[in-house]
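Structure record follows, encoded as structure tokens.
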Amino acid sequence: MRLRDCIEVVNRKHLPFSMQNFPRGSCGDSALLLGAFLSDLGHSGFKYVCGERGSVADNTWTTHAWLGRGSLIVDITADQFADAPGPVIVAYDSVWHGSFKADREPTCADFRAWSGPGADQLHPIYAALRGPMLNSLQRNAR
């Protein structure tokens, strides 16, 4: 939730193009940012999962990305879909995520170790978000 809260208050013009309509269309980059943040906090082993559902023929085809570790699913952009059970989903064996068919093998969730298109655009936004996220965690730990 902290990462999502930080993203929501950032001036949209400072976000990569793919995140300017957050959460809509922001799932891939958001998942990679979350993967880096979790890794920095010592929570390793998350994978970037991308799936698709629907049909091109009837104009229902869509994709979505989230983090997974075993059967644990962490998704901070689910509310871009009207049928999602909530804006943020942290669950084991999510039935809703099961409606998406993985379109490739899950990969590393940390954008800093990722070679996909656009990953280089995430460095400045991660640098801008990391401080406020860590400050928020420290305030709540007191």
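You can think of it this way: the chain between residue 41 and residue 121 has 26.6 nm of extra reach, that is 0.36 nm per residue less the Cα-Cα gap.
Name the residues of region 48-69 whose amide N is less than 16 Å from a point 7 angstrom out from the Cα of residue 105 along the C-beta direction? Taking a point 7 Å out along Cα→Cβ of residue 105, the residues of region 48-69 whose backbone N falls under 16 Å are 48-50.
Taken about its Cα centre, region 39-142 carries a charge dipole of roughly 440 debye when the Cβ of each Lys and Arg holds +1 and the Cβ of each Asp and Glu holds -1.
The mean accessible area for residues of the chain, using a 1.4 Å probe and ignoring ligands and nucleic acids, is 55 Å² per residue. Stretching residue 12 away from residue 58 to a fully extended chain increases their span by 13.3 nm, per 0.36 nm per residue minus the current alpha-carbon distance.
The mean of 1/r over all pairs of different alpha-carbon atoms in the chain, once inverted, gives a Kirkwood hydrodynamic radius of 15.5 Å.
Across the chain, the relative contact order, built from alpha-carbon pairs under 8 Å that are at least six residues apart, equals 27 percent. For the pair region 90-139 and region 52-66, the centres of their Cα atoms are 21 angstrom apart. The accessible surface of the chain, taken with every protein chain in place and a 1.4 Å probe, is 52 percent carbon and sulfur.
Each Lys and Arg contributes +1 and each Asp and Glu -1, all at the Cβ; summed about the Cα centre of region 1-82, the dipole is approximately 120 debye. For region 1-129, the residue among 23, 86, 33 whose Cα projects farthest onto the positive side of the dipole built from Cβ charges is 33.
Relative to the longest principal axis of the Cα atoms of the chain, the long axis of helix 122-141 lies at roughly 70 degrees.
The values are calculated or read from the model by the stated rules, or taken from the named source; none is laboratory data. Just so it is clear, the structure is predicted and the values come from calculations on it, not from any experiment. We place every Cβ from the backbone using ideal geometry, glycine too, and count neighbours over all the protein chains shown. Please note that ligands, DNA and RNA were not included when accessible areas were found on the heavy atoms of the full protein model with its side chains. Shrake-Rupley method; radii C 1.70, N 1.55, O 1.52, S 1.80 Å.
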